[in-house]
Every structure is written in structure tokens, then in C-alpha cells.
1. So B:Val145 clears everything in (1) out of contact with any Ser or Thr (no Cβ under 7 Å at 6 or more places or on another chain); (2) surrounded by fewer than 22 Cβ atoms within 10 Å (Cβ to Cβ); (3) within 30 Å of B:Ile12 (Cα to Cα) except one condition, right? Which one?
2. Applying the selection to the range B:56-74, what residues are acidic (Asp, Glu) and open to solvent by less than 70 Å² (accessible area, probe 1.4 Å)?
3. If we scan the range A:81-88, do we find a residue that is over 18 Å from A:Pro164 (Cβ atoms) and touching a residue at least 12 places away in the same chain (Cβ under 8 Å)?
4. Take B:Ala77 and tell me if it is open to solvent by less than 50 Å² (accessible area, probe 1.4 Å) and within 14 Å of chain A (Cβ to nearest Cβ).
5. Can you tell me which residue is nearest to the other protein chains (Cβ to nearest Cβ) among those in the range A:243-254 that are of a type in the set (D, E, K, R) and part of a helix (DSSP H, G or I)?
6. Cβ contacts < 7 Å: first residue on the phi > 0 side of the Ramachandran plot, restricted to the range A:162-179; second residue open to solvent by less than 20 Å² (accessible area, probe 1.4 Å) and part of a strand (DSSP E or B), any location; separation 6+ or different chain. Result?
7. When the residues of the range B:83-101 are filtered to those that are open to solvent by 10 Å² or more (accessible area, probe 1.4 Å) and hydrophobic (A, V, I, L, M, F, W, C), which remaining residue is farthest from the other protein chains (Cβ to nearest Cβ)?
8. List every residue pair whose Cβ atoms lie under 6 Å apart, where the two residues are 6 or more positions apart in sequence or sit on different chains, the first residue falls within the range A:212-230 and is open to solvent by 50 Å² or more (accessible area, probe 1.4 Å), and the second residue, located anywhere, is in a strand (DSSP E or B).
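The values are calculated or read from the model by the stated rules, or taken from the named source; none is laboratory data. Everything numeric in this text was worked out from a predicted model, so none of it was measured. Cβ coordinates were reconstructed from backbone atoms using ideal geometry, including for glycine residues, and neighbour counts include every protein chain displayed. Side chains are part of the model used for accessible areas, which takes the heavy atoms of the whole protein and leaves out ligands, DNA and RNA. Shrake-Rupley method; radii C 1.70, N 1.55, O 1.52, S 1.80 Å.
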Amino acid sequence: MAVKIQVRNFNLFYGDFQALSNINIDIEENHITAIIGPSGCGKSTFVRSINRMNDLIPGVRTSGEILFEGKNLLEQNVVQLRKRIGMVFQRPNPFPKSVFDNVAYGPRGHGIHNPRQLAEIVENSLRDAALWDEVKDELDKSGLALSAGQQQRLCIARAIAVKPEVILMDEPASALDPLDTLRIEELMQILKQNYTIIIVTHNMQQAARASDFTAFFHMAEGGAGYLVEFGPTNSLFISPKEKLTEDYISGRFG
Amino acid sequence: MPTIRETFDRQIHKIENEILILGSMVEQAMRHAIDALLTHDIDAARQIYEQDMLINEKRFAIENAILIIIATQQPLARDLRVIASMLEITTELERMGDYAKGVAKVVTKLRGVEIPMPEKKLNLMCDITIDMLHRGLKAFLDQDVNQARIIPLDDDKVDTLYNEIYHEVVQIMIAAPENIDHANYLMWVAHNLERMADRVTNICERTVFIATGELLEISTTDDEDFDF
């Protein structure tokens, strides 16, 4: 196994408020790492830090390092970084464009305009997102006309169209029904062969089912999120080492 | 203020109680089976057969309740280890019930047969085994890991008695070869008691698993090793 991302002594502040405190974690390449924890523990903030989504928020400052293949991504060009680290959000958010244009949007933005090449990328991305068979005859249809589960897979296709190395997923299935949720989880198992995946989820069973590693975040007094326990998913859910993890995953609080 | 897990905790507690009742039924069945053997009481042996049906019914009721908890509560961490262990322990107890039934069967096989019996040793073996089971279930319910590690050590006493009974039964066979079949039944009885004690060790292993998360075999010295 190779480490894709190393988070070292990472702190994040919103103005005076410390949202993340001294996070240290290694993300394994071609594996799925789940981030779990109660609301407000900083798990979304953490994942958003990995492709610098928090840069846009006024008053945010960070310290420490997030090493992406050995280089601190906090100091890299954001546009280039986001090509390599894609993101899928909680609510499916296709652009109000056709299915084709949704997927082609990223490659076009990165300078690909050859129609044949774009068509190939769109087909491959939709295939990888397990959506091709359902939409291949209506690529001109609006992305917003698809079902919620299809929209989310369209967003995954859009994310992988620029050939990222890492896919961040922030509650990707929480707005979906159980069947669409399972489809996304199955898809993750296929995608991890080519991508490194980090998923934030409130659904512990989803973390248990779908991930290889799990990180449990909690907040200290004062509200700063910190990493309580990190390890292989199987051992964390059967025999967690920390009492706090035990109490959280057994539903004793939170 | 009630915690959000109150229903879940109550369900687990109820199953624990049912396991305790099942354990008492098994203890009683084995004690009655040995008493029936030593007093040649065929009626008592038949009652043990009926009792075994109740043991099986209770086992399925507990198993069903555990499946419902798994399906509806999706237990994790310690809860998961407790529930998986309860399923295992219930199976162990049901098998112990079968051992008691096996002894009752010997009572019917020895109907009208005059044969000397290692009475004291069988009684003692039965007492130790039942005591081990009783303490093993208590350690499980109390989550007493120290006790769970100590109880299996008594298995050595059971194994020693098993060896002694074996030699005694061989002597019975030599003294009266026409009794070989019947004496062999006595070996079944001793063997069933010996297996029952082994299964108590399995229960103790689950108690350790719940506490530590490690599935380990608790080793006792010479497992049913004959000194021929």
C-alpha cells in the first residue's frame, strides 16, 4: 500500500474559532477512507481542506501540512490541484445543461475541444460512473431531468472526467434512497481500483459497508474537531480502541 | 432522561436473562440425567427427553430474538461482540442439552442391566462440570474476564476424572466381557460430561472476546489426553 495523502499537524481556524486541531492521518492510495463523527466535529471542513474549498471562506487560516504525493497541497495552484482532487457533494448538483455538457465541462475547461475526444471522455466517464447504459440515448437531455440517484452518478462522472487521482465525497448518498445509495457504494468499490476515495458520512453502516479505513472525529471542549481514532474499518467497528469511538458507534451519544 | 439506546439495552438484557434460564435448564437436565443413571430411573430419563424439547424451543426463541436485534439495531463494536457471543453461547448450551439427553438414552439402554458403576466419580464429574457452567455463565453476564480465564482451568479436573473412569470401565470390561457393550455406554456418559466441560471453556472464550475483541482459544493442559 502507498500513502497518497499525509496530513501533518493540520489546524484550521475560522477567524478566532478553531475548527480542526492537530489532525494527523495517512490516506492510502486506491482505498476508501471514511470520515465519521457527530455534526460539528469538522469532518466536512477536513475533507474540504483537501481540495482547498475553504479558501473561499473569509477569515480561514490553516497551519500544518497536507502532503499530496509528498508536496504540501496548501501551497499549490488551486486549479491544478482540483483537477487532481475532485469532489462530489451531498446534494446532486448537475449544471443546468445537457448530460453531455455536464461531463464535458471539466475537460473543456482544461482545454480539450476536439469533439471526438470529448465524446470519448464523456462515454468513458459515464461508463465508469455506471450511468452510461441509462443515458446513452439521451445525452442531450438536461442533467436536471435525471432521477436523484442518476444526478449523483452524473456528478461522479463529471468529477472523474478530468481524470483526478483522488475523489472526495461529502455525504454523497444522504439525499438518495436506499437503492441509489447501494448503487453509489457499489460504484465506489469499482472506482477505488483507479482512484483514492475519501468519503464523509453520517451513516455508520455505510462507513462499515463501503470503506477500507475509518477515521472517527470528535470535538473537544470549545468545539475544535480532532481525530479520535483511525484504523482499518473492520477492526474499528468490531473492536474500537477508544471508549469515545465505542460510545459513538454504539449510539451512546451523538 | 432516557438515553437513545434504552430500547436496545432492554432487548439485550432480556436475552441475557433468557440465556441464564436456558443455562439453568441445561444444568438441571444433566444433573437429573446422572441421577437417573445412578438410580436406574427410566421415568426420570423420559422426562429429560421432554425437557430437551423445551431446551431446543428456548434456543430457537433466543436465536430469533438475536436475529431481530441484528436486523433492527445493526449492532456495532461491543454490542456486536456481545450479540455474536450470545448466539454462540446459545448454541453451546443447546448442545450441552443434547449431552444430557445422551445420558438419558444410556439410562434406557441399561434398563435391567446389573453393572457396577463408577458412581462417585461420575457424580463428582457432573458436579464439577455443572459448577463450571454455572460460573461460566455468571462470568459472562458479569463480564468478569478474570473468572472467564480461571474457570477453564477446572477442565483439567474433569479430564483427570474422565481418564480415571476410562480405566475403571476397562476393568469392568475385563472382569466381565459380557458387559462390554453396557460398559461402553458408561464411557459415553463420561465422554458427554467431558465435552460439556469443554464447551464451558468456549463460553469463557466469548467473555474474553467481548472484553478484549480477541478471538483466542483458552488452553487448558492435556485436553482429554489419555495416559494409556
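1. Looking at each condition in turn, B:Val145 falls short on (1).
2. Passing the criteria: only B:Glu63.
3. Checked the range A:81-88: no residue is over 18 Å from A:Pro164 (Cβ atoms) and touching a residue at least 12 places away in the same chain (Cβ under 8 Å).
4. So B:Ala77 fits the description; yes.
5. It comes out as A:Glu246.
6. Listed by first residue and then by second, the contacts come to A:Glu171/A:Val200.
7. The extreme case among them is B:Leu87.
8. From the range A:212-230, the pairs are A:Met219/A:Gly225; A:Tyr226/A:Ser21; A:Phe230/A:Ile25; A:Phe230/A:Ala215.
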